[in-house]
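Structure first, commentary second.
Where a number appears in this text, it was derived from the coordinates with a stated rule and is not lab data. Note that this is a predicted model, so its numbers are computed, not measured. For neighbour counting, all protein chains shown are included, and Cβ atoms are generated from backbone atoms with ideal geometry for every residue, glycine included.
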There are 2 protein chains.
Amino acid sequence: MSALDSYLTGELDEFEPEIREMARYCLGASGKKIRPALVFLSGWKGSAIIDPDLVRAASVVELIHLATLVHDDIMDEADLRRNRQTAARLYGSSAAVLLGDALFAHALNIATQFPTTEVCAAVSESTRRVCAGEIVQTLRRGSVSVNRREYDRIIELKTAELFRVSCYLGAHLSGSPDGYADAVSQFGRHLGVAYQIYDDLVDYFGEEAMIGKTLGTDLASGKVTLPLFVLLERLPKKEADQLRLEIGGQVPSQLDLRLNQMKDLGVFAAVETAVEAELIAARQALVNWIAQPATPHLLGLSDLLTIQVAGLRH
Amino acid sequence: MSALDSYLTGELDEFEPEIREMARYCLGASGKKIRPALVFLSGWKGSAIIDPDLVRAASVVELIHLATLVHDDIMDEADLRRNRQTAARLYGSSAAVLLGDALFAHALNIATQFPTTEVCAAVSESTRRVCAGEIVQTLRRGSVSVNRREYDRIIELKTAELFRVSCYLGAHLSGSPDGYADAVSQFGRHLGVAYQIYDDLVDYFGEEAMIGKTLGTDLASGKVTLPLFVLLERLPKKEADQLRLEIGGQVPSQLDLRLNQMKDLGVFAAVETAVEAELIAARQALVNWIAQPATPHLLGLSDLLTIQVAGLRH
């Protein structure tokens with residue numbers, strides 16, 4: 001990971017001097033670095049040697065992720081991310097639109113440093129899919145007609161796609177057999193779905209101090225995620241209709257009431273089961289590849305997510 | 001150009017079904033298609049055969065240009081472009097941010113269909129530079145401390161860069177000698193600067209019916225372009241100070257007064273001279289390459305711009 005940080009810091013010199021400090025600020029929003037970790041772990045060879053191809057690929061996926069965060073914060077009109085001002089707040093939303101574009105362009109530019117076009121092709125296609133997922137999500141805000149199938153499709157595109165391609169690139173660039181690259185791609189996809197459901201659960205059951213943002217923002221902004229789906233299904237009709245008005249923004253949202261109802265009606269357990277089902281599918285994808293050096297590391301990551309979900313139960 | 005339209009329409013199938021119609025709508029904003037024309041003309045071989053590599057490269061630059069238009073219209077809060085609703089107006093600015101991203105991602109994805117990474121590398125670097133230019137411009141809005149050097153740098157990045165790379169790709173992909181690709185790159189850069197100065201002139205001296213937007217938007221939004229620079233230099237100090245307040249947005253802009261002053265003080269002629277100087281430099285870049293089949297076509301394009309500038313004089 002320090003190799004990643006050094007690489008990304010070095011890449012700042014490639015930015016035009018006028019926007020270099022702004023790009024540096026955006027790099028500072030880098031947090032858990034899950035996508036780079038997936039690249040490194042999927043390409044794990046059991047040695048302490050740092051593979052420059054993996055560092056480069058990890059930089060590409062992280063930079064794309066950072067670009068999407070810059071744009072997300074504009075749309076959400078968020079002031080803070082990880083307890084720092086967002087780029088949109090600091091530079092204005094117009095400059096932030098362009099800054100996200102510049103980060104994205106540079107990510108693709110780094111991707112062209114590989115000998116063939118395949119990294120660039122995989123990453124640009126993934127990015128388009130991520131955007132497609134986010135567009136659908138944006139257009140559905142405040143709509144109570146979103147169904148579960150649509151929700152699954154949105155998170156598959158907006159989150160699982162970049163997880164998938166990160167795993168694929170790690171395995172592929174480190175010379176793993178083709179079958180393994182396919183297997184870790186499946187693993188990454190399921191892990192991404194699980195991660196997004198977990199993240200949607202955090203919005204209701206996390207601790208504000210730890211996640212660095214207010215709880216219940218999804219409800220307040222009319223974003224229907226799995227905890228809300230399950231609650232809608234389990235509430236008596238009259239109560240569910242009232243909740244639909246809150247989602248549509250016709251009446252103010254009642255977060256405390258909804259949180260209590262989620263607890264009373266076993267919503268947490270139902271969502272936890274959904275996460276676990278995806279994690280089981282993720283582990284299943286690697287079942288024939290136990291001997292590959294990367295496999296135990298990836299399985300460890302899926303176990304970590306199981307523990308994190310359990311940690312929300314309180 | 002019809003090959004370009006067919007190609008781009010065909011590419012719509014690659015977009016996720018959820019965003020295909022939105023992408024189709026954005027393609028409809030395609031106007032003069034100057035950048036694709038530069039690709040085709042720079043790669044001209046004197047034959048009627050349509051080179052698929054040039055069509056693909058032309059599609060890439062046009063799609064990148066369309067993506068920047070989608071994002072520009074968000075920032076400018078524009079309702080109309082070419083007498084049609086902007087994507088930002090139609091789908092909301094959040095969806096438009098993401099839609100621009102998706103168009104851009106797909107442009108880069110098409111660029112990976114060439115056998116090597118060089119098209120993708122050239123185009124992603126250019127895009128970052130275009131964004132850098134636009135960021136500087138955005139941050140300088142309403143500032144009267146912008147100097148002429150900064151203005152030159154902004155238009156070199158935001159406009160001339162994509163003109164330059166369009167010419168480069170046309171010559172390079174059609175197998176022209178390296179020296180020629182360099183020469184047309186220089187040509188494209190100067191033509192791009194000339195075009196942007198012309199476009200800035202249109203904002204004051206164009207005809208609303210023809211350009212499909214209100215005159216004087218640059219002054220109203222505090223964007224200092226060459227006509228305003230020249231006017232500031234030529235006005236008596238007290239008047240110039242008053243104009244600076246208009247640029248800074250402290251007082252309402254007085255477009256009619258400023259237009260009359262521009263006419264009285266010879267601003268049009270001064271800016272026309274600046275355009276012509278760039279066009280002379282553009283033509284000069286090709287002076288040793290008269291025998292190349294593409295050269296007469298490119299020179300014809302520079303002559304066309306001379307005529308268009310003269311056409312604004314009224």
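What to note about this one:
- Within 10 Å of each Cβ in B:110-123, the average number of Cβ atoms from other chains: 5
- Chain A, relative contact order in percent, only Cα pairs under 8 angstrom and at least six apart counted: 19 percent
- Here the relative contact order of segment A:145-314, from alpha carbon pairs under 8 Å that lie six or more residues apart, stands at 25 percent.
- Across the identical copies, the label point of residue B:9 (7 Å from Cα in the Cβ direction) is separated from its matches by 5.3 nm, in order from shortest.
- Computing FRET efficiency as 1/(1 + (r/R0)^6) for residue B:9 and residue B:303, where r is the C-beta to C-beta distance and R0 is 41 Å, gives about 0.80.
- At R0 = 56 Å, FRET efficiency that the Cβ-Cβ distance of residue B:207 and residue A:287 yields, to 0.05: 0.20
- For residue A:80, the residues whose modelled amide H falls within less than 5 Å of its own, excluding neighbours fewer than 5 places apart on the same chain, are A:86.
- For residue B:238, inter-copy label distances in nm, listed shortest first [label point 7 Å out on the Cα-Cβ vector]: 7.7
- Charge dipole (Cα centre; +1 on Lys/Arg Cβ, -1 on Asp/Glu Cβ; no other charges) of the protein assembly as shown amounts to roughly 400 debye.
- The protein assembly as shown - Kirkwood radius from inverse mean 1/r over Cα pairs (Å): 26.3 Å
- Separation between Cα centres of segment B:222-256 and segment A:36-76, rounded to whole Å: 48 Å
- 7 Å along Cα→Cβ, label-point gaps from residue A:264 to other copies, nm, shortest first: 7.7
- Dipole-positive endmost among A:173, A:266, A:247 within segment A:158-314 (Cβ charges, Cα centre): A:247
- 11 Å cut-off, amide nitrogen to a point 7 angstrom out along residue B:148 Cα→Cβ, residues in segment B:261-302: B:271, B:274
- Spatially proximal lysines relative to residue B:263 (Cα-Cα < 22 Å; intrachain offsets below 8 disregarded): B:213, B:223, B:237, B:238
- Cut-off 14 Å between beta-carbons: net charge of the residues surrounding residue B:123, Lys and Arg +1, Asp and Glu -1: -1
- Overall Cα dimensions of chain B - principal axes, largest extent first, Å: 61, 51, 31
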